[in-house]
Structures are given as C-alpha cells and as structure tokens.
1. Considering only residues that are under 11 Å from ILE94 (Cα atoms), over 20 Å from the mean Cα position of the chain (by Cα) and β-branched (Val, Ile, Thr), which ones fall in segment 29-71?
2. Please enumerate the residues belonging to segment 82-132 that are among the aliphatic types (A, V, I, L, M) and under 18 Å from VAL36 (Cα atoms).
Amino acid sequence: MKVNLRKLGWLLLPLTLVLQSCGSAPPPPVSGPVVVSAQQGKASYYGTRHHGRKTASGERFNKNALTAAHRTLPFGSLVRVTNLNNHKSIVVRINDRGPYAKGRIIDLSEQAARELNMIRAGVAQVRVEQLK
C-alpha cells in the first residue's frame, strides 16, 4: 500500500494545531528581586591582606567571592551594588561588618570591586539596594 505523503501531511497539520492549543497557559512572567531598602555613598574594597581570615559572621574571607561588609545589614543579606560612575552592578552577600573608614557605606571583596571596575580607583560612588 502506497502512502501519499502530501495527503498525510495535510491530515496531520490540523491535528498538530489542535494538540498545541490544548497545552497549559504560559507561565507568569518572572519578576526580578524586590528592593527592600537603598542607600548611596562610597564603597571601598579589601582583598589579599584579609584573605583567609575569619569575618564577623564566622566564615573565612575569600577575596575571590562576591561578598561584602556592611555595618548594619544582617549576615546573608543579598544586596545589589551599582557603580554610579559606569552603571555596572553586581549582587553580593553580606558576610562581614564594616567599613570602618569614615564616609564609606560598604566594603566589597576584591572580586566584587573588579567586576564593578573600581580596582584602580579604590573607592567609588555606589548605590546599595537590599534585595528580598
């Protein structure tokens, strides 16, 4: 028995369309993280000299991790830090206390500072947004 592929294709097309329309509704759009609080000020970074030492949270500082020190945010908090000079931003986890230098609001790990392109300057004007 010969099967005419053209006729078979025309018969399968409506069946395929019906089956596709029976699928579930598309998932809701994924929303970004919710900003709980925000502040602006100067950020600095710390690296090699502190690498391997215990942080205030008890974990060892890793200059290559995306972490930061903040005076009041709870340990484990995620914050988005945006360099206001070049608008690059990253998300870091708070695992230490500081900074203790006057006029600074956050101390970043060396890797976080590198990703924000602030290594050469050492200090940058940033926006810090606590995420939920």
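1. THR55
2. The answer is ILE90, VAL91, VAL92, ILE94, ILE105, ILE106, VAL126, VAL128, LEU131.
A short reminder: the numbers here are calculations on the coordinates, not readings from a lab. Everything quoted here is computed from the prediction, not taken from an experiment.
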